[in-house]
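What follows is one structure encoded as structure tokens, with my remarks underneath.
All of the numbers you see were taken from the coordinates with simple rules; none came from a lab. Since the structure is predicted, the reported quantities are computational estimates derived from the model, not experimental observations. Glycine also receives a Cβ, built like all others from the backbone with ideal geometry; neighbour counts cover every protein chain displayed.
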Amino acid sequence: MRRDADVLRGIAALLGTTILWASSFPVIKIAVGSSTGLGYTWMRSAIAALALLPLAARRIGRAGRATALGGVVTGIAYALGLWLQGWGTGLTTASNSAFITGL
């Protein structure tokens, strides 16, 4: 019986994640419509950085130069992807953007 509960919990987690992911595209469309793609990217990245700062603060002193450089490069690549996605969403519908992103 425990296994059935675990399976149901897993299905619920996947369904919840899918709903959150899919609902982000109309939000992106609205955000890009009231701002620029670059402004949207900056705001989203700033919110994420502020949310993660308390978690990273304890470990930031222990990170070496290579780790910090890797984090910066990864952050820039991710921000570029966010900007391109926001720019593309501004040019098409939210559902098309979700479909293309899902590919």
Between residue 103 and residue 19, what's the calculated FRET efficiency when r is the beta-carbon distance and R0 is 22 Å? Round to 0.05. 0.65
Would you mind computing, in nm to one decimal, how far apart the modelled labels at residue 27 and residue 2 are, each placed 7 Å from Cα along Cα→Cβ? 3.6 nm
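Quick one: length gained pulling residue 56 to residue 11 fully straight, 0.36 nm per residue minus the C-alpha distance?
Values: separation 45, 0.36 × 45 = 16.20 nm, distance 3.08 nm.
Result: 13.1 nm gained on full extension.
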How high is the relative contact order of the chain, given as a whole-number percent (alpha carbon pairs under 8 Å, six or more residues apart)? 48 percent
Which option, [x] 14.8, 50; [y] 17.6, 52; [z] 13.7, 38, is the value of Rg and Dmax of the Cα atoms in Å that was calculated from these coordinates? [y]
